[in-house]
Amino acid sequence: MAGKDNLITLTSEKAREIGKKGGKASAEARRKKKTLEELTAMMLNQKITDTAKVAIKRSGINVDDIDPEDMNATAYMIAGQIKAAATGNTKAFECITGLAERDAGKEGKARYTIPITDITVDFVEVYRKIHAAFDGTENIREIISKGGRGSIKSNFWAAVAEETIYNDPQAHVVYTRRYKTDLRGSVYNQFMKTIIRHERLDEWEFTTSPMMAKYKRTGQCVIFVGADKPISLKSYNLSFGYVKLLIHEECDEMAGLEQMDNIEDTFLRSDTPAIDVKVFNPPKSANNFMNEYVEKCRKKEGTYICHSYYYNVPVKWLGQRFFDRAEQFKKHKPRYYDNNYLGLVTGTGGAIFENVEVRAITDEEIENMDYFSYGLDFGYEHPQTFIQSYYDSDADVLYCVREVFSKRCKNSTFARKIKKFMDVEIIADSARPDSINEMRDWGFNVIGAKKRWGNGKGRDYCWEWLQETTKIVVDPDRCPNLKKELTTLEHEQLADGTFSSEYPKLGEDCVMALIYGLNRDIMESRRNDTLFDDNYTDEDNEEEWEPDDDEE
């Protein structure tokens, strides 16, 4: 124990003196430390000798490409690291690539690394849009990438998937196809070919169970999943990061949009910029759900639609034989060529209306129309529709100018939607006398269409009459659902490739409302037909065409 004599009383004056000495020592140490930092920086930036420049040249770097101000000791050290990495030194390689990636990410933006020589003119703007979406400068959440055969859609998206992994160490990519069995022979092999083409296969680990490609440096994954087992996808979890790119290949083969929506709900849960990509070759039928979806997305916010063509691809990429075959089909089978090679929606060949002109009908045109026809098709589960049209008998041109379209709508609610037409004659589906009476009770002038005529072929005659008009002009903004039906309805294609002669009885609600409104015009045009039975009565009219399911 210290004796009393060893204890020193610390006065405030002595404390200040000790503190002053300590402060001087601390300041001196800081000055020395700063001097060491400055000395390090000075030495690293020291100009190097000609002998050192020769050493840099040996590493494979052209010293003429380096600014003289950058030709210093730091450059000499980096050249040494590059040379070591080239001879297989893993630590040197990681050091160099780490420095390069940090430099590329200084501004927080992903790099454009796909060479312009690897993409066609069709994808230049798409590529820019992708980066704009990832940078947050454009609101793009979905890209629909469509086109014909040989238009390198899959090649392009594989390169984008690879670049996405390199640019963002937290990003993962998911590829989907409807059936898991189709993955390996298509998108899995396509991605592997892309990695091989870029000479980076050693940096990746490919496995088939689970089917994925893992970037060894970071553990990021490109995952390949089938949509045929949705339950197993719901429990899918990543060990880190997030899915930045979800690519649905051949998405027109999916069971429908809902199947892709479920996958998107599973993988795209982060608020970080991510893109849902739908890649497909448009089927020839306009009724395909993806073709319909494209039309709906034309004005959809956050969706970008692009189309690519084989003829913008260098011949050596596809081979001369591909181009020769395309030219043969163009000459001898133009419809097949348009769909298969150009990716155009051509129809199955069973289109019902080939006389439709889709265009805007101006207010001035409508003002010059002297009378209108009004048709009403009742429904509930199937839509209830009201169509206003004008038939120019001199020119044999039919104009469709207005529609009211509602699904799961009560008659009373629908009546309020069309109350401005209470004073005009409306011809409705006479299979619903109860609904007609309701409309009359509410003050509408509604009568039932006469159906039992032409020896029971009246319904077919109505469709034929529409087909035989010189032109059916439909305004896509005024009558969007009628436009869809007129341009997509087709005869059923039979197993032998021929088409049924029957007209559709489903999905034709707007067309039927149009027909009801034109009931008098159509019957008048058929008065001289030898099959026309002019001896029908109101009682006969009660025996109708088969009602729709929702009318029973």
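The numbers here are math on the coordinates, done by the rules we state, and not lab data. These numbers come from a predicted model, not from an experiment. We place every Cβ from the backbone using ideal geometry, glycine too, and count neighbours over all the protein chains shown.
Overview of values
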read-out: Percent RCO, i.e. relative contact order, over the range 116-328, from Cα pairs under 8 Å lying at least 6 residues apart; value: 33 percent
read-out: Relative exposure of T120, T137, judged by other C-beta atoms within 10 Å (fewest first); value: T137, T120
read-out: Dipole of the range 172-260, positive direction: furthest Cα of L238, Y179, A255, with charges on the beta-carbon; value: L238
read-out: Highest average packing first - 278-287, 375-384, Cβ atoms within 10 Å; value: 375-384, 278-287
read-out: Inter-label distance, nm, simple model (7 Å from Cα along the C-beta direction), T207/R141; value: 3.3 nm
read-out: Local electrostatic count, L201, Cβ distance below 15 Å [Lys/Arg +1, Asp/Glu -1]; value: +1
read-out: Environment charge of A158, counting only residues whose C-beta is closer than 11 Å and scoring Lys/Arg +1, Asp/Glu -1; value: -1
read-out: Net +/- balance of residues flanking K484 in space, Cβ distance below 12 Å, scoring K and R +1, D and E -1; value: -4
read-out: Within the range 397-458: Cβ-based charge dipole about Cα centre, in debye rounded to nearest 20 (Lys, Arg +1; Asp, Glu -1); value: 240 debye
read-out: Ascending count of other beta-carbon atoms within 10 Å, so fewest first, for L245, L506, L183; value: L506, L183, L245
read-out: The range 116-328 - charge dipole about Cα centre, Lys and Arg +1 at Cβ, Asp and Glu -1, debye rounded to 20; value: 360 debye
read-out: Cα-projected label distance for D441 with Y311, points at 7 Å along beta-carbon direction, nm; value: 6.3 nm
read-out: Prolate/oblate/rounded call for the range 116-328, Cα gyration tensor, a/c under 1.5 rounded; value: rounded
read-out: Low-density loop cleavage sites - GluC sites (Glu not before Pro) in the range 245-351, where at most 15 other Cβ are within 10 Å (DSSP); value: E301
